[in-house]
Amino acid sequence: MDNALPPERLPRDAAERLADTMFALATPSRLQILSALRARPRTVSEIIAVVEMEQSAVSHQLRVLRDHAVVSVERRGRERLYGLHDHHIGALLDHAQSHLLELARRRRSGKRAGVDRAG
């Protein structure tokens, strides 16, 4: 893994691609689906059982996630098996959850969330 610091300026095309990916992660239902796929690839019926959503809603959200290269699909006979596109998607989810836990920890301790000067 590359540990180099990111550039100070994010080029416009990279910012647009990143915003597109973040859009795909920007709804609770899609995040619930991605969370279900963290453990292992699943069929639509398995996803429905985990997230307790209607089939049409799950199918719609999977289409959005697939169109934004967040999930991949593999055909197995008559079924489709959905999984995270790559390990980076899981890492994004992990970092976002860590961020929320850190915010909650700071709120409990009465510390303000400020700029992290240590990096």
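Of everything in segment 19-54 that's part of a helix (DSSP H, G or I) and of a type in the set (S, T, Y), which residue is surrounded by the fewest Cβ atoms within 10 Å (Cβ to Cβ)?
First pass over segment 19-54, keeping only residues part of a helix (DSSP H, G or I): 19-24, 28-39, 44-51.
After this cut, where a residue has to be of a type in the set (S, T, Y) as well, the list is 21, 29, 35, 45.
Details: T21: 17, S29: 14, S35: 14, S45: 11.
By that ranking, first place goes to S45.
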Of everything in segment 67-110 that's of a type in the set (S, T, N, Q) and under 15 Å from A36 (Cβ atoms), which residue is surrounded by the most Cβ atoms within 10 Å (Cβ to Cβ)?
-> S72
Given (1) among the hydroxyl-bearing types (S, T, Y); (2) farther than 22 Å from Q97 by Cα; (3) at pLDDT below 95, index of the condition T43 fails | (3)
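Let's see how each residue does on (1) modelled with pLDDT under 95; (2) of a type in the set (D, E, K, R):
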residue	(1), (2)
V51	no, no
Q55	no, no
G83	no, no
H88	yes, no
L93	yes, no
R106	yes, yes
G114	yes, no
Exception for A57 within (1) surrounded by 12 or more Cβ atoms within 10 Å (Cβ to Cβ); (2) under 24 Å from H95 (Cα atoms); (3) not basic (K, R) falls at (2)
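The values are calculated or read from the model by the stated rules, or taken from the named source; none is laboratory data. Note that this is a predicted model, so its numbers are computed, not measured. Backbone-built Cβ (ideal geometry, glycine too); neighbour counts: all protein chains shown.
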